[in-house]
1. Using the Cα centre of the stretch 476-670 as origin and beta-carbon charges of +1 (Lys, Arg) and -1 (Asp, Glu), tell me which of Thr665, Ala564, Thr606 is placed farthest towards the positive end of the dipole.
2. Where nothing but the Cβ of Lys and Arg (+1) and of Asp and Glu (-1) is charged, how large is the charge dipole of the stretch 572-673 around its Cα centre, in debye to the nearest 20?
3. Along each of its three principal axes, how wide is the spread of alpha-carbon positions in the stretch 528-673, in whole angstrom units, largest first?
4. Would you please name the GluC sites (Glu not before Pro) within the stretch 397-500 that are DSSP coil residues with at most 14 other C-beta atoms within 10 Å of their C-beta?
5. What nm distance separates the two modelled labels at Val547 and Glu531, each placed 7 Å from Cα along Cα→Cβ?
6. Once R0 is set to 60 Å, what does the formula 1/(1 + (r/R0)^6) return for the Cβ-Cβ distance between Gln470 and Leu419, expressed as a FRET efficiency to the nearest 0.05?
7. In the stretch 594-651, which trypsin sites (Lys or Arg not before Pro) fall in coil by DSSP and have 10 or fewer other Cβ atoms within 10 Å?
8. How far is it, in nm, from the label point at Glu595 to the one at Met368 when both lie 7 Å from their Cα along the line to the Cβ?
Amino acid sequence: YGFINTCLKSLVVEKYGEETWEKLRLQAGVQDSFLTFEVYKDEITMQLVDKACKILGVPADMVLREFGEYFFEFCKRSGYDHMLRTLGGNLYEFIENLDALHSYLSLSYQANTEMLLSFVFPQEMNAPSFRVEKNEDGSMHLHYYSDRRGLCHIVPGIIGAAALDFFNIEISMEIVNQTEEEERTGKKEHIVFLVTQNPVFSYKERNEFSSSSQYLADSEKKIENQLNKEDLERAKNTIGDKGSSVCPVKKSHWKTIRGIITLGKGKLLRGFDPVYPKSLWIDTKTFCNGLPFHMVFDKELRVKQAGVSIQKIVPGLQTMGIYLDHYFSIVHPEVPFTISSIQKFINSQFVFQTRREMMPESWKQRPMLELRGQMIWMESLQCMLYLCSPLLRTLHELEERQMHIADIAPHDVTRDLILLNQQRLAEMELSNQLERKKEELRILSKHLEEEKKKTEALLYAMLPQHVANQLKEGKRVEAGEFKECTILFSDVVTFTNICAQCEPIQIVLMLNSMYLRFDRLTTVHDVYKVETIGDAYMVVGGVPVPVPTHAERVANFALGMIIAAKGVQNPVSGNPIQIRVGIHTGPVLAGVVGEKMPRYCLFGDTVNIASRMESHGVPSKIHLSSSAYHCLKYKNFEMTERGEIEVKGKGKMHTYFLIRNKTATENEIMGRP
């Protein structure tokens, strides 16, 4: 399920950042987000783990262990905290009930779900199995069975985190044996961990239901203080009357009264001691009707007894003495169908499935029924009792097997689970739909953001950013006066003749090639492109953001234009094109004109003079006015005097040519590395 992949993403983002996750998922070739209850291929998870090892430079066992620790916390944050805490009063009980937890969760997830200590895979995959053994020295052997190799290192991460959080103990886990058991259908790996416990002495708060050793010690002291001397003496006498079989002489003071229960003020009762009748006060018929789903079988797997409902579903069971494994197969745990294997996993929940070939011909098209329950070994009879219920999750599954609620005993909570889970599935479907819609909205929002950026980039290419922002907000853009700026005009020499001798598409291609080079240079030298009209190209320095280096920027840009133009071919002659460039410095007024296709325009005599410098220029030369010359005079530029020339509409003007930048190389002028 997506829950696992979401957890893995959360771990990477939280500890290594969004960029690392983005790099990881791209290399793994997976999507950015996962739906919680959606089933994904296990290759996705394995790819993510593999790429994480390579990108982070960490061995797989360390990555899996860290994932295990984080996964435990992730489960707690996701609402499983209370469920996990109630699994057992100590670490042994906690591990012992992990298999049961998988069964409980499968009801909600409609599949054999491995929400803890495993990855989650499609329904046909089996959950891992766990078996724990206590050793005399207080250590434990944890047996881990899985049909997926290489994931065993997740186990120490989760078990270690649970031990520290729930029971306030630190543990160490090492692999003492690793084998393959081919006889376990679908299970390939059997790992045995040695688990040793070390108490943590640092203070850590526990809630009232905690059963850690520290909590028990504190509880004992509190209860002893609450009991007065008279109550304690009475308790001792009460227990003493029952004999040493109830309270051995060697027990400590606290152990003596541990079983005492206070009911009201000063009333003490001894600990619970079950009472059994001399004979069983229930007849066979009532037992088989009251427990309609149960079976008793001996060491050879011969059926000795069966409930009425299970006889109805599996008619072969009406013949006593038939072999159980002829009619059923064990789905979970994945063990051989022998009495010794069953005893080995007797603390696990067992799931049986009816064999299709043994069902009546008319029933073979139905889905096979699964039973889930516990095994109880009856030593005196040398028989095994299987107390079970039909493993049904929804009303649909009940109908598919042509069963009814009435087939399930009134006391069996399976009735309630089916009905409640029906509602739960409806809620999950709604949750899935909401998740899908949320994901669709996220993707749509991402696309909208990308389109917004493209639109803004296009708008900022047409108008200065602050002007564009004002227009987007519906504000009026006031014209601004700039006391000093530098304006540049350029055009292509003999452009009219070229147009007369070429196809229009050739002219477009030539201008586009030239303007792309010029546009890149505007970014290199940070000047503002005002407009292009035909072959004319206009830029300004110091507008719309005033800067003291406006003249130097435009001068360097002009030098770059001359170099760039050499790379553009004249479609008529095949030679590089030639351009004229004119530059003038002075004051301007700038503002936005028009509503449709608004343009940021410059007004003033400075614009006219700059245009005249271009039109009266010389091919492949940069023509400077007197004011532009004085701005560049002491700025490491080489310039030559042209002298006085007659300028249309302006009379005689003293002008100059810009030759080169004395300190900048050609690569620096062109913005090359």
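1. Result: Thr665.
2. That gives the stretch 572-673 a dipole magnitude of about 20 debye.
3. Per principal axis, max minus min of the Cα coordinates gives 41, 35, 33 Å.
4. Answer in residue order: Glu473, Glu478.
5. Here the answer is 2.4 nm between the modelled labels.
6. E(calc), rounded to 0.05, equals 0.45.
7. Taking the stretch 594-651 and a limit of 10 other Cβ atoms within 10 Å, the loop trypsin sites (Lys or Arg not before Pro) found are Lys596, Lys648.
8. Placing both labels 7 Å along Cα→Cβ, they lie 7.8 nm apart.
We did not get these values from a lab; they are worked out from the coordinates using the rules stated. The model shown is predicted, which means the values in this text are computed figures rather than measured ones. Methodologically, a virtual Cβ is constructed for each residue, glycine included, from the backbone with ideal geometry; neighbour enumeration extends over all protein chains shown.
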